[in-house]
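Worksheet for the structure shown next.
The values are calculated or read from the model by the stated rules, or taken from the named source; none is laboratory data. Remember, predicted model here, so these are calculated numbers, not experimental data. Note that each Cβ is placed from the backbone with ideal geometry, even for glycine, and that neighbours are counted across all protein chains shown. With ligands, DNA and RNA removed, areas are computed over all heavy atoms of the protein, side chains included. Shrake-Rupley method; radii C 1.70, N 1.55, O 1.52, S 1.80 Å.
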Amino acid sequence: MNGQEAQYRSREGGGLVSSYSHTYGSVPTMAATTYVDRPMPDFPGDEHFGEGRTNSWILILRLRLIALGHADDQRTALEWDDDDLSAAQMWDDKLRAACTRFQLEQGWRGTHADGFPTPETWRRLWTR
């Protein structure tokens, strides 16, 4: 697989369901797909998430929530004219809401579903 393409496999264990290429300038619908052969990244720590934060861990969280179908509203942060994806690396209320939706789906309530990723949130994002 080259740097321009990433292939996706159906969560149901099937074959290739879509191919994504930066060349075509579109973001695929990935609600029923997961990355092929991608290990879970280690949880970076609480200090990387929250108001005023900007970093690549936020981008990774945003992309994973989009891939799992919890953040379709986050696709606008991936504008193609933003070459360094700086907007997608900034924490915002929409990302927090997307993370909250994921946590609520886990059956968590109260402070366990506050929209800030924890080590357990992170683990579950990659073990679905």
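Find the all-direction average of the projected area of the Cα convex hull for region 43-120, expressing the result in square nanometres with one decimal place. Quarter of the Cα hull surface area: 4.9 nm².
Taking only protein heavy atoms and a 1.4 Å probe, what accessible area per residue, in Å², does region 64-111 have with all protein chains in place?
On the way: 2510 Å² over 48 residues.
Using a 1.4 Å probe on heavy atoms only, each residue of region 64-111 averages 52 Å².
Ligands, DNA and RNA aside, GLU79 has an accessible area near 90 Å² when probed at 1.4 Å. Identify the trypsin sites (Lys or Arg not before Pro) of region 34-103 meeting these criteria: DSSP loop state and at most 14 other C-beta atoms within 10 Å of the C-beta. Counting only loop positions with at most 14 other Cβ atoms within 10 Å, the trypsin sites (Lys or Arg not before Pro) in region 34-103 are ARG53.
For region 85-128, the share of accessible area belonging to carbon and sulfur comes to 55 percent (1.4 Å probe, ligands and nucleic acids excluded).
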